[in-house]
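Below is one structure, written out as structure tokens, with a few remarks after it.
The values are calculated or read from the model by the stated rules, or taken from the named source; none is laboratory data. If you're wondering where the values come from, they're calculated on a predicted model, not measured in any experiment. Neighbour counts are summed over all protein chains in view; Cβ atoms, including those assigned to glycine, are modelled from backbone coordinates with ideal geometry. Accessible surface areas use protein heavy atoms only, side chains included; no ligands, DNA or RNA. Shrake-Rupley method; radii C 1.70, N 1.55, O 1.52, S 1.80 Å.
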Amino acid sequence: MSSWNPNKDQWGGQPYEPVYQPGPQPQYGGPSYAPPPPNNGYSLDQKSPYEGGRFAPKKRINDPIFLVLFILQFAGFVVVSALAISEWVKDGGLGGGVGTGHSGSSVTLNYHTVYLLLFVTGAALLLSTIYLILARIFTKLIMHITLILSICLNIGICVYYWITKYYSGAIIFTIIAALSIFAYFGYRSRIPLASLLLQVVMDVAKHHKSVYVVAFIALIFQAALSVWFTFAAIATYAKWTPGNPSCSTGTSCSSGKVAGLIFYETFSYLWTSQVIGNVALATMAGGPFGSWYYFGPREQGQMPAHPTLSAFVRASTLSLGSIAFGSLIVTVLELIRMVLNVARNNANSDGHPIEACLALCAECFIGCIEGMVQYFNRYAYIEIALYGKPYIQAAKDTWGLFKDRGIDALINDQLVSMTLTWGAYAVGLLCSLFAYLYLRFTHPAYNTDGQYTAPVVLFAFLIGLQCSLTLSSAIEAGVSTIFVGLGEDPQVLAVRAPQLFGLIATTYPQVVQGVPRV
């Protein structure tokens, strides 16, 4: 990228120079690539940033039915969790503080755990930031390590299943491990382009501080929702499980009621969490990244005022129903996969290998569909952010973009996502280790027999994982926005980032040939 103007922008960041001049570029892990000459099948004539209604959506609420459903389910979660937690507190469910001297009641979880989860959240934030810094400095190395770790993980699971004589899972993961080894050689050749793409996006984010403002706000909401859900589930179990003290006061208690309420709380948590992350994605795509791609630096005088704030308002009001629609699809798939996982474990423990194998196959199939839908939805949300489209129309246009451009080039986007996801897993594991050490050295009274160690460590892992994924989603939003821009107006990137454009044009010439919008 070219040098940056030291003047400050509205978010405290450093905006770009008014004009990007082609020529020698910084070495982002590879040689400098100049833009190909204009006769390679594309033109350097730029379209209007507002073409097709871009950045000027109609003032109407899209997908209102799903907006209403989302609001109702969240209101229901608030009511159920408030009833459960308030009764739980009255029954002495909370107590204690930080350290060994304030470990609280021996009955159940308490304030001791609240502080622990807050510490875990802080650690997740710090570790996620450190990982992003390392990813920017050692991009190629981390991508190579990511691919190798993916292969090692598949082989490790395969070996474990063979050792434990879980033959259905062993056969499936043997195939997966073999495929991952063959895929490594294809992915490895794409690392130079993927690493340059990641570096360019991180440099853009570095000079548009609103990217990290949005990511940190989403991170705070995700962390708060995770802690809220954790204690809502614990309180629900404590309040309505038969045999608890609250059942003697006239409260209707049953295992079925507990299972139903926890299932509903899990559904609400997953859907709300998806919506928070996707609103943040749409805000960044329609704000700093989209504005950088289509309008250029602010000093050119073309970028609208407060693009990030405008994008957030659109995403959280007019387009919230569309985002909730797409998020609901992923949530349902995730719940189905969780149910199949439980069925597989039950069948395996009951000694029914055929049923366990079938459940595992179904779980893998649903997991693949879920991953593809999530990947597809990310581009649909960018279409929603840029044009204000309903979800179905955005999905159709996204599919058309994939067909016109080909899926092959988008594998680089997947490689970036894989790198960031592995970082999130590492952050989650470190957070779970922190929680384990905290429990071991503080000895809270509720965990004298270690009965709560596993769930607390699991929740710490999930909080670390979710926090890191939310933060890294800022970078994924930029990568995906660039690919959408390439599909619509590829010549713009020749001005914004000529080195990246030249490498894409050399590797995927069909991607930089403009396709008229329908």
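State, to one decimal in nm, how far the label point of Ser189 lies from the label point of Cys247, with both points 7 Å from Cα in the Cβ direction.
6.4 nm
Cα gyration tensor of the range 138-269, axes a ≥ b ≥ c as square roots of the eigenvalues: rounded (a/c below 1.5), prolate (a/b > b/c) or oblate?
On the way: a/c = 4.62, a/b = 1.47, b/c = 3.15.
Because a/c hits 1.5 or more and a/b fails to exceed b/c, the range 138-269 counts as oblate.
Just read off the accessible area of Lys239 with the full protein assembly in place, 1.4 Å probe, to the nearest 10 Å².
In the full protein context, Lys239 sits at about 20 Å².
Can you pull the accessible area of Ile65 for me, 1.4 Å probe, Å² to the nearest 10?
The accessible area of Ile65 comes to roughly 120 Å².
Could you compute how much accessible surface Met284 exposes when probed at 1.4 Å, giving the result in Å² to the nearest 10?
0 Å²
Please list, in chain and number order, the residues 5+ apart from His306 or on another chain whose amide H is under 5 Å from its amide H, with Hs placed from the backbone.
none
Considering only protein heavy atoms, with the full assembly of protein chains and a 1.4 angstrom probe, order Thr146, Thr241 by accessible area, largest first.
Thr241, Thr146
Keeping every protein chain in place, order Ile130, Ile163 by accessible area at 1.4 Å, biggest value first, i.e. largest first. Mind dumping the intermediate values first?
Details: Ile130 75, Ile163 125 Å².
Most to least solvent-accessible, the answer reads Ile163, Ile130.
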